[in-house]
Every structure is written in structure tokens, then in C-alpha cells.
Amino acid sequence: MKQNIKRLGILIICLLAILVFYLSYLNVVRGSENVVNPHNRRLQEYESQVRRGTIYDSKGVVLATTGLSGEKNKRVYPRGSETAHILGYISEKYGRAGLESTCDRYLLGLEGADRARNYINRLLGREQLGGDVTLTIDSYLQGLALDLLGKRRGAVVLLDPRTGALLALVSNPVYDPNKLEEIWPQLIQDEDSPLLNRAVQGAYPPGSTFKIVTAAGALAARPDASRQTFNCRGLLEVNGYELEDTAVHGRVDIKKAIAVSCNTTFAQLGLDQGAQNFVTTIKAFGIDQDPGIGLPVRPGTMASPEEIIPTELAGSAIGQGELLVSPLHMALVAAAIANSGDLMKPYLVKTVKDSMGQVLQREEARHWLNVTTPQICGIIKDGMVDAVRSGTATAAGVAGVQVAGKTGSAQNPHGQTHAWFIGFAPADQPRLAVAVLVENAGSGGSVAAPVAGQLISTALNKGY
Amino acid sequence: MSGVYYAASHSNIKSPAGGRKVERNLLFLAALYLLAGIMALYLGESGSRVIIAVAAGLTVAAAFLLVHVYWKASGFKGDHYLFPVTAMLISTGLVFLFRLDPYYGMRQFIWILAGLGTLVFTSRVLLDLRFLGDYKYIYALLGLIALILPIFFGKEQGGAKSWLDFGFFQLQPSEFVKILLVLFLAGYLAENRAVLAAGARSLGGISLPGLPEWAPLVIMWGVSLLLLVFQRDLGAALIYFSTFLAMVYAATARIFYVLFGLGLFIAGSSASYLLFDHVRARVLIWLNPWPYIDNIGYQITQSLFAIGSGGIFGAGLGQGYPGYIPLVHSDFIFPAICEELGLLGGAGIIILFMMLIFRGIKIALRVRDEFLALVAIGLTSLLGLQAFIIIAGVTRLLPLTGVTLPYVSYGGSSLVANFILLGLLLNISHEADDSL
């Protein structure tokens, strides 16, 4: 029996030892992961003890800073509503959102050497300091994009396709984060949902901009599709349903079909490649994923391949099926074509420094997805260049620079079509990729394309 | 503390009976720890609140030493380490209760005094425990009655209907029944050990004892478990069950029984998972509490926030926000300790329990009488498993089942019962010393 008692005793002591290891794991390995959960009410308490760090744009412009107002630290957003959707807010009453919440661990000095430093600061009764965060956003371009949207509801996403760095991420309407607590009751009742970040959380039918994805899938499934011609009679019959085109385009190949945005050709290309291949292509573009930019992105939604009947497939191939995507995802589609099929991981936070200026984290260009081949991208790019030169997207043209683009006018149950434009420039060596969406505003070519054109033109002039 | 402990660990057998120097020195440390804790809590403050807390701290520290003086005078030869280690746990609990809510601090203070009285009483009246083995069926009967009472006359609290309301205080019978359970099992196993270990007949290559030998065991276990299910006291059920398995293993060394027991456990927990919503909810929030952060997952996520916020060194006594955790003064006192004393403080508590278990096992190994050895290992397992179950629960290592952290959590029944447990262990060690 002594032997049994000994073994049992060792077992119980081991159980307790496991607790010590597990507790160490929770604290050391998992670190502050649990602490920075926006539901942790301690964050609000820390807020009053810590001088929260500053958020800068890529040029060093202050986007968020902490000033003293009376006894309490007050968060100030010098660019106001312009960056509201990116930065989010911290509010005692209404919680935490946006990058302010995602970067809490750095801004509140809970990471790296700051953790130990602030521990000592607290013991000594000194002010605790948070670290600083620098974004990839250029506040000038951000402001310009917002101005270009004006009073219209919509979103603009501008990024560097070579790195994935997001230069502008705009959602309209906006709100003033400096007055959040006063205007909150109106904000949540406003029918235009100003709190919604349309650029990443919006769910829109992509319309004809999705033909880029359909083209990539068709060319991957059957490389000789590039030499095939289609005869557009302005109508395509699918299982007894008639799919109407905007015009009778006559004999077109795939490039021409992109340039003139021929519905019947792309519906046919969708049917030819089959539901399975179509869905695989959508996934290859990362449309079903949240790429993890620091803001929650709504993954695109679609019917599962088994449920896609031919009429749904033909509709989805021209962006009018059950498929819903965010403007960010469509900007990534453009970026993937621009970067020869190699999609870089999009990101918003460039560098994170602790309160002493020591760099804690530096985001670099990272490969994300192998979307398609350079050959396929070349064919699609030619079609997109033609679309801007002489097709549906001429309004996106920029003097002296070759722009590639694709428009969309997405039908939806809420009224006029959503105006879409996605594209990149300069076409031969793209440095900018863009997606513009304007809700219920008419055709992509006349409403969205000019916004993209002006934004690209200004960005190129600024040296991007 | 462990250094002192180790350096002295071989001297106690040789120390003159009635000397108890090791205990005295360690108790001085515990008393100092308690007073330092109380002082740190009210650093730089004044007023009646401070005076009451400091007075309570001084009284408890003095009471610790008084118990020691009494034992020394009466020639008690119980283990020198059990009481000081327990005193450390009790002190931590008292300081934290004053910090969390002085109301609970004051009540715990009274309970500690009552508990210390019980401890002295136990060490005097039950000094020779061997006779206890003869009344095992009385314990079984008493235990069952004590468990049935709350079902009819009980008061529901925290989802469990396991309290008896006596007006100015409430009694949780299951805390006391756990000791009766150990006494019953020890008596029973000591008597039937040989038969149970060897088995009387063979069934498919596994030798099994006859029905009369093991039926009482299973019945006792099954009934107590059923009662607990009716009381919805999952924590106590888990402790009873694991202690039962531990003692059967210690007595028989037969893995078959353990496997059989685990099989029963899996069957029982699957059945209750299917039958009871509150069991399903526990499993659900164990697997992933985050989607339920606003309702059923609130408590456990608050606990995880507290533990995470503490870091390695803790926020410092009185500097954290453990008040966000519901029931922080009782089942959830451990995350409060982790938040303010950090990983080091939390690990310290666990190490104190390891010391208790270590001493308990030494006592069980040292005593010659089989019944007493089984009581010692049973009580030790009970203590260790209870600490393990609640700490694993609040850290989300295991599904949460509400039990108190022995000697630390607020609770009169728990405290007094655990003092009786301590007294019994000490008496057995006294016995062991005699038999050397």
C-alpha cells in the first residue's frame, strides 16, 4: 500500500505542477493577448493612468494623440472624421473599435520593455507612457478620396500592389470621432449607418468588376480561351431564363469583352469553366478570407459550389448572383492582376515603437496568395487597358499615364445601380491599385471611374 | 519559505517532544506575512476601517501562535509544517478578503477564529483516531442525511442548491460530508482491502471481488453523486468522485478499478451533458467562452482578464481590478490573487498546496495502521484535488465547477470543515510519531 500512496501522491503533486506551468504559459507565452480584449474593462481604467501613444500617418502627420483636458486624458483626432473608420474610438460608454482597439497593447504600453517600464512607473507614481503606431495611410490621399466622394455614400481603397500597403481606406458617410459621445445616439439611428466601415465591412454585389475574376478562372481552366471568340447577340439563354446584355457586341474575344464589358461572353465563360473552378478562383483571390489588416474585414459570401445552378453561375460570373464582396476585396483583385498574380498581404500598420522610440514591430511586404499566372494577368491587363483607353472606363484615364481598369454597375434591391471601378496604374509597372464604390449612384463608368482617375493622377504626382 | 522548510525538514523527528521549534519559527513568518499584508493594504490610510482590519490581523496572528503554544504545552507531536503552511494560505485569503470587501473580511475573521477553535478541539478530542474506523456505516448514513437535507430545506445560491439556511449563517453540508466520505471509505477499504485487491472470482481474465464486497462502495458513490446532481453541485460531485478513485487506487493498486471508475465517470458526465442545460453550458464556455462574453461566459472571461492583467509580478496589492469578477471572494479568489500578486503569487499559492500534499503523503507513509494511512491519503487527496479542480477551472484548463479554494476562499463551512481535515491529519501524524 505504501507504494500506491507514493504513486498517488506524485500524481497529485504533478497535477498541481501542471497548474504552475499552465499559469506561466498563460502569462508568459500568451502574454497580454487576453488583456487587450476590448471587453476587458481594465483597459478603460488603464486609460486614465497611461498617456496613450500617438498614431501617425506614413508621412508623420498626427492622426490621434492624447491631450490633457482638466484632470483626465482626452483623445484627440486632429484629422477628425477623415480617419474615423480606420482609427475607431475608445469610449467609456460605447467601448472600443478600430485600430485604437487593435493596437491597444502598444498604445497603452503593455508590450515589450514598456510593460516593465510602466510597472516601475506605476510603483513610483510616475506617469505611464504608451508606444506609438505609424500607419501606411497617407492622410492627404485619404482626405482627397473622401472629398471626391463628397456627399455620396461609398468607399475608396487605394494600395500599393507591390507591397500590400494601404494608402487610403475611405468609407462615407463619416462621423467626427472627437464628438463621439455626444453624437452617438444620432449615429446609431442614422439610416446611412455612418459607423459602418463600408470599405471593409460592406457587402455589395460586385457587378461587372467581377468579370476580372471570371476571366482569370476561364483562362486557368482553358488556356486557349484567349484565342476563342464569342458572338454577342445581346442576349443569352440559360435554362430558359434570358440574360440581357447592355448592347449587341457582335464577335468579341476575351480582351475585347473586358474592354466593352460584354455580359453574354462572361456568362458563357462562367458556364464553361463550371461552378467548381469558378469557386476555386474566387478563393484564390482571397475573397472568402479576412486578410487581417487590423480591422475586421467581412469575408465575401457566395453559394457553395454544389448549390450553384447554371442560372446562378451565369449571374455570378458577371457579379450579379448571390455573391457579395467588400470594396477591399475588389481592390485586392486589381492588386493581384497588377502584381502579375502574386497578391501581397494588405496591411495598415507600418511600424510600432515603444514609448522610448524602440521599434517593436516593422511590417514589411509579405506575399499572401498565388492567385494566378503572369500570362493570364497579361491578357486581362490588356483588356483593362483597352477599357480605359476606348471602352467603358475612359473616365478613369490620366494624361500621360496608362491606366488599366474595369467598371461595374451593380444592380441591387435598393434603387439605382452601385457604381464600381477597380484598376491599377501605371499599367506597365503598377504602383497603385484602386477600388471605388459609390452606392446607388448610377453607372461605374460615369460615377466611379472619374474618382479613381483623379485619385490615381494625384497620387502619381505626389511620387507614388 | 521553501528554503526554511527544507533546511528544517529532517530535524523534526529528532526534536524533543513538545519542543515544536520548527513550527514556532514558521508560524512567526506566517504571522509576519499576514501583518505585512494587512499593513500594505491600508498603507498611508487611517480611520476605523484600518483599525478594525489591523486588529483582526493581529488577533489572527496571535491566535496562530496561541494554538502553537497550546500544542507545545499539551505535548502534541503532530506535524510541524502543516499548520504554518495552512496559516500562510489563510493569511493570504484574509488579506484578500479585506481588500475585496471588508464585510467578507470581517466574517472570514470570525470564521477563522471559529475554525482555529475547531482545530484545537479536534486535536484534543480525536487525538486517537483508530476507533473511528469502527463506525463507518454511521458516517455513510450521516453523510447521506446531510446531503438529502438541502434538497428539501435548502437554499439555492450560485446555481447550486446545497446550502442550509440558519438565519445568521448558512451551512453547506457537502463540505463536511466530504470528510465523512473519506472516513467511511478508509474504514471500508481497510477492512476489505485484501479481497478487493485480489478478487474472488475471475471474469474474462479479470479477477473481480464478489458483489457483497464492492456493492456498498458503488452504492455509496452512486447515491452521493445522484444527490449532488440534484443539488446541482458539480464541483463537490467531482471532488467526491476523484477522491473516491484515489482512495480505491491507494488501497488496492488495481488500475482496473480506476479504469472502471473513469468509465463510470465518462458515462455519468455524458449523461448529465445530455440531460442538463447547466452542464452543457459549462462545457460550452470551457471550449470557447468568447462568444458568450456578455452572458454565461462573463465570469470565466473576467477571470482570464484578471490573470492576464497581473503579468508576472502582479499589479500590486490593492492596485488591480478584481472586483469585475463575479463571486471573486469565494470560488474566484485565485484570479484576484493572480491579478494583484502576479504569476509569482499564484504559483506561490499552488506551491503551498504542494507542500501540504507532500506532508500529507509523508504522514500516510509513516503511519502503520492501515485505516489511518487511508484516512491520511484520503484527506490529502481531497485537499489537493479540490485545489486543483478550482484553480484549473478558473484558468480554463478544465471546465469550471464551483468549489472553494481551501483555506483561501471566503466561506464558513468550507473553512471549518478544512480545519477539521487539518486537525485529523495532524492527529494521524501525532499517532505516527508515537508508533515510531
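What follows is calculated from the coordinates using simple rules that are stated; it is not laboratory data. Just so it is clear, the model here is predicted, and its values are computed rather than measured. When we count neighbours, we look across all protein chains shown, and the Cβ atoms used for this are built from the backbone with ideal geometry, even at glycine.
For chain A, compute the orientation-averaged projected area of the C-alpha convex hull (one quarter of its surface), in nm².
Value for chain A: 29.1 nm².
Determine, from the Cβ-Cβ distance of A:H39 and A:Q361 and an R0 of 30 Å, the FRET efficiency 1/(1 + (r/R0)^6), rounded to the nearest 0.05.
Efficiency, from the Cβ-Cβ distance: 0.80.
Over all pairs of distinct alpha carbons, what does the Kirkwood formula give as the hydrodynamic radius of the stretch A:123-245, in Å?
Kirkwood radius, the stretch A:123-245: 19.5 Å.
Which whole-number percent of Cα pairs in chain B have a distance greater than 38 Å?
22
Report, as an integer, the average count of C-beta atoms from other chains found within 10 Å of each Cβ along B:311-318.
If you average over the peptide's residues, the count of other-chain Cβ atoms is 3.
Pull out the extension gain between A:D224 and A:R30, defined as 0.36 nm times the separation in residues minus the alpha carbon to alpha carbon distance; nm, one decimal. Numbers along the way, then the final one.
On the way: separation 194, 0.36 × 194 = 69.84 nm, distance 5.19 nm.
Extra length from A:D224 to A:R30 when fully extended: 64.7 nm.
Counting other C-beta atoms within 10 Å, which of B:I266, A:I12, B:I148 has the fewest, and how do the rest follow?
Least crowded to most crowded, the residues run B:I266, B:I148, A:I12.
Averaging over every viewing direction, what projected area does the convex hull of the Cα atoms of the stretch B:82-140 cover, in nm²?
5.5
Within the stretch B:396-436, whose backbone N sits under 17 Å from a point 7 Å along Cα→Cβ of B:D128?
B:427-436
Using 0.36 nm per residue of separation minus the Cα-Cα distance, give me the extension gain between A:S390 and A:W184 in nm, one decimal.
69.5 nm
Ratio of alpha-carbon Rg to the 2.2 N^0.38 Å globular estimate for the stretch A:42-134, to two decimals, please.
Numbers: Rg = 12.9 Å, N = 93, 2.2 N^0.38 = 12.3 Å.
My calculation over the Cα atoms of the stretch A:42-134 gives 1.05.
Over every pair of different alpha-carbon atoms in the stretch A:290-412, take the mean of 1/r and invert it; report that Kirkwood radius in Å.
Evaluated over the stretch A:290-412, this radius sits at 17.2 Å.
In this model, which of A:K179/A:K350; A:K406/A:K462; A:K345/A:K381; A:K179/A:K406; A:K255/A:K350 are farther than 30 Å apart at the alpha-carbon?
A:K179/A:K406; A:K255/A:K350
Which loop GluC sites (Glu not before Pro) in the stretch A:58-136, with loop taken from DSSP, have no more than 13 other Cβ atoms within 10 angstrom of their Cβ?
Filter output for the stretch A:58-136: A:E71, A:E92, A:E127.
Hey, quick one: spin label on A:Q429, modelled 7 Å out along Cα-Cβ, who in the stretch A:140-177 has an amide N within reach, i.e. under 15 Å?
Only A:161-163 pass the distance filter.
List A:M330, B:M106 from most exposed to least, where exposure is judged by having the fewest other Cβ atoms within 10 Å.
The order, fewest Cβ neighbours first, is B:M106, A:M330.
How long is the protein assembly as shown along each principal axis, judged by its Cα atoms, biggest number first, in Å?
Each principal axis gives a Cα extent; for the protein assembly as shown these are 109, 73, 48 Å.
If you take the beta carbon distance between B:A198 and B:K21 as r and set R0 to 45 Å, what does 1/(1 + (r/R0)^6) give as a FRET efficiency, to the nearest 0.05?
Calculated transfer efficiency: 0.45.
Which ³J(HN,Hα) values in Hz, rounded to whole numbers, follow from the phi angles of the stretch A:324-339 under the Karplus curve 6.51 cos²θ - 1.76 cosθ + 1.60, where θ = phi - 60° and Gly and Pro get x?
These are the phi-based 3J(HN,Hα) values: 10, 9, 9, x, 4, 4, 6, 5, 5, 4, 4, 5, 5, 5, 4, 9 Hz.
Which FRET efficiency, nearest 0.05, do A:R7 and B:L66 yield, Cβ-Cβ r, R0 35 Å?
0.35
Below 15 angstrom from the Cβ of B:S269, what's the summed charge of the other residues (Lys, Arg +1; Asp, Glu -1)?
+1
Suppose the Debye formula is applied to equal point scatterers at every Cα of the stretch B:276-347; what is log10 I(q)/I(0) at q = 0.15, 0.19 Å⁻¹?
-0.49, -0.72
Please compute the average number of Cβ atoms from other chains found within 10 Å of each residue's Cβ in peptide B:292-302.
Mean shielding by partner chains, rounded to a whole number: 1.
Which percentage, to the nearest 5, of the DSSP beta bridges contained in chain A is antiparallel?
Working: 57 of 62 bridges.
The antiparallel proportion sits near 90 percent.
So how do A:D190, A:D386, A:D428 line up by other beta-carbon neighbours within 10 Å, fewest first?
Sorted ascending by nearby Cβ count, the order is A:D428, A:D190, A:D386.
Arranged from highest to lowest average of other beta-carbon atoms within 10 Å per residue, in what order do the peptides A:360-366, A:136-142 appear?
Top of the packing list down: A:136-142, A:360-366.
Provide the net charge surrounding A:L187, with neighbours chosen by a C-beta distance below 14 Å and charges set as Lys +1, Arg +1, Asp -1, Glu -1.
-4
Springs between alpha-carbon atoms under 10 Å, Gaussian network over chain B: tell me which of B:L129, B:L287, B:L100 tops the mean-square fluctuations.
B:L287
With angles folded into 0 to 90 degrees, how steeply does helix A:180-189 sit against the dominant principal axis of chain A? Use alpha carbons for both and round to 10.
Roughly 40 degrees, rounded to the nearest 10.
May I ask what percent, to the nearest 5, of DSSP beta bridges between residues of the protein assembly as shown are antiparallel?
The antiparallel proportion sits near 95 percent.
Run the reach check for B:K362 against lysines, Cα to Cα strictly under 20 Å, same-chain hits fewer than 8 apart removed. What comes back?
Qualifying lysines at Cα under 20 Å: A:K2, A:K6, B:K14, B:K21, B:K77.
Over the alpha-carbon set of the stretch B:56-198, work out the extent along each principal axis and list the three values in angstrom, largest first.
53, 44, 25
Which residue fluctuates the most in chain B, going by a Gaussian network model with Cα springs under 10 Å, if the choices are B:N418, B:N192, B:N288?
Top of the fluctuation ranking is B:N288.
Between B:M106 and B:E370, what length in nm is gained on full extension when 0.36 nm per residue of separation is reduced by their alpha carbon distance? If you can, show how the numbers build up before the last one.
Values: separation 264, 0.36 × 264 = 95.04 nm, distance 4.12 nm.
Extra length available between B:M106 and B:E370 comes to 90.9 nm.
Could you tally the net charge around B:M355, taking each other residue with its Cβ under 15 Å from the Cβ of B:M355, Lys/Arg +1 and Asp/Glu -1?
That sum, taken over residues with Cβ under 15 Å, equals 0.
For peptide A:117-123, how many partner chain Cβ atoms fall within 10 Å of a residue's Cβ, on average?
Details: counts 0, 0, 7, 0, 0, 3, 3.
Mean shielding by partner chains, rounded to a whole number: 2.
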